[in-house]
1. Using a 1.4 angstrom probe with every protein chain in place, what is the largest-first accessible-area order of Glu524, Glu454?
2. Taking +1 at the Cβ of each Lys and Arg and -1 at the Cβ of each Asp and Glu, which of Gly272, Met162, Ile219 sits farthest along the dipole of the stretch 8-324 towards its positive end, judged by Cα position relative to the Cα centre?
3. Determine, for each peptide in 5-15, 332-342, the mean count of other beta carbons within 10 angstrom over its residues, then list the peptides with the highest first.
4. Probe 1.4 Å, all protein chains in place: accessible area of Val167 in Å², nearest 10?
5. Note down the nm distance, to one decimal, between modelled labels 7 Å out along Cα→Cβ at Arg103 and at Asn8.
6. Find the eigenvalues of the gyration tensor of the Cα atoms of the stretch 150-265, then list the square roots of 5 times those eigenvalues as equivalent ellipsoid semi-axes, largest first, in whole angstrom.
7. Taking a probe of 1.4 angstrom, what is the accessible area of Lys458 in Å², to the nearest 10?
8. Using a 7 Å offset from Cα along Cα-Cβ at Val476, what residues in the stretch 403-437 end up with backbone N under 14 Å from the label point?
Amino acid sequence: MIFGKHINKYYLKYLPILLFGVASLIMVDYVQLIIPSLYRMLINGINDGFVDLGGIQTEFNIDFLLTKICMPMIGIVFLMVIGRFLWRVCFFGTALRVEADMRLRMFAVCRTLSQRFYQENKVGNLMSLFTNDLDTINECFGSGILTFCDAIFLSVLAITDMAKMNVLLTVLSMIPMMLLLASGLIISKYITEKWKIRQEAYSSISDMAQESFSGIAVIKAFVKEGKELIAFRKLNKDNENANVAYARLSVTLTVCVTLFVESVTGIILGYGGYLVHKGVFSAGQLVEFIGYFGAIVWPVNAVSELIEIRARGKASLKRISDLLDEKPDVIDGCGVTDTPALSGAIKFNDLTFYYPSRSEPVLSHIDLDIKAGERVGIIGPTGSGKTTLVDLILRTYNVPKNSILLDGKDINDIPIHTVRENAAYVPQDNFLFSDTIENNIRFAFDSGDESEIEKAAKLSDVHDNISEFTNGYSTVLGECGTTVSGGQKQRISIARALMKNAPILILDDSVSAVDVGTEKIILENLKETREGKTTIFIAHRVTTVENMDKIVYLEDGKILGVGTHEELIESCKEYKRMVDLQRLDEKAEANS
Ligand code: ADP
């Protein structure tokens, strides 16, 4: 059994079913403890020819055997089977429901967390929370409650029966049990610590496996399989050491159980045998006493397991609680009211932006006016802040007050979902889901007209490619879209964004993997279809943006020039230098 802020409520939520489980368990414990008295009657009956039934000497014959021993035994077995079935369903079924509830809550929290969280926490670590740690919580809940209740009820009932027979023998038998409990409690502290280390080691190894499989193409291209193997071997060794350290403690606990339980058996056989020899006990009574002790061996064993499960559960619950307590840092401010659809006018007002992890600003004093319906190109060297600038329009990070205005209103005063609903985005990595092409394209909608999907694919010039696939739009993309080429992936991402038909469309370096001819077609299509709607195009090639209404040249987080291509050639020497260099490159390429 385990308690904590995020788990206590489940005991209340499932109280009726848990109580029913406990009632079934008590019933099983109670009837199970009748069995040793049946042994006593059988042995004494065989030895003496009569049986003491509540002070009345009754003759032991076939009739007695059938009615007082066999029939009750059949009834006990029947009740035990029914009872065990019921408590299993109640405890283990509840544990599965708690696990599912927690998984859902964890996923719901993850969904709200901001970009920063995902930059700080690797996927492998998150995956181990959703698998290993949740499994442990399941175990704590199911086996934990069962063991806890069983240990209490069975022990109390059996010890009472034992004490009724002989107090001294019972006290002597309990001394090793107390020692077992004490050693278990001491060892459990270390087990919690070792389990935490083990889980962290497991997270690291799953992080690395996940990253290696995702980046397998890069690893192979750079012939770094050997390096990866060495790195993996180290993590694997750490994981093995953590597991061995944990197993050592776990085995120590098991050995303690065997030692103390067997000591008790020794005491009962020694002192109990002496009592029989002295005539204080009959042989049947000694067997009955051993039967009661036998009944508590399992709960005692289980207590050691409980100590271990609880220790592991505490470590896992702490990791899960840390996730559930995580707060998204990009949230709507107080009093933010819904805004009708945006027209697409964007104004940057002396925006200076720092990433939380950096002391230097990544964008400095950005002033820029984008009118609704304008086509704007953003260009500049790598690392100049282009992606950051568009990320801020999507409120991926918090922005200073009044530094970005949408339709003249501070972006902080517009609900985040409204901002994002009004924008379509083609990210640089063009992430696609492992789903059909059709579902990827209509991702913004729950359902989508087939003709609309096709139209979006035609505008992004990928319809012909999709039609060539055997399953057409129903083709299921492999993990991260690996079954399509880079250029096709880019164009499917563009189709997905176009399908949304939002007032603002942002394309981050989205035609870098397509040839110049295809780029031209896409740009032409975009011009036509986005008439009157704002389109922001981040690009590396001047040819991509030279016909835009406005080009913004960024360098080191500062805007060095804004204007049409011709205006910038005149007014911005950095832009001109970039144009000249790219023209030279093109010429050199053409000549070669
Ligand atoms: P561009 O799109 O022009 O290549 P970016 O906007 O991606 O540039 O990055 C601008 C600068 O900000 C770079 O120096 C980059 O390393 C840094 N940067 C980008 N993302 C983060 C982040 N999440 N945390 C800290 N620094 C970042």
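The values are calculated or read from the model by the stated rules, or taken from the named source; none is laboratory data. Just so it is clear, the model here is predicted, and its values are computed rather than measured. Positions of Cβ are backbone-derived with ideal geometry, glycine not excepted, and every protein chain shown enters the neighbour counts. Each accessible area value is taken on the protein alone, full model and side chains, heavy atoms only, with ligands, DNA and RNA left out. Shrake-Rupley method; radii C 1.70, N 1.55, O 1.52, S 1.80 Å.
1. So, going from the largest accessible area down, we get Glu524, Glu454.
2. Value: Ile219.
3. Ranked from most to least packed, the peptides come out as 5-15, 332-342.
4. About 90 Å², rounded to the nearest 10.
5. 2.7
6. Calculated on Cα positions only, the semi-axes equal 51, 13, 9 Å.
7. Surface open to solvent at Lys458 totals about 110 Å².
8. 433-437
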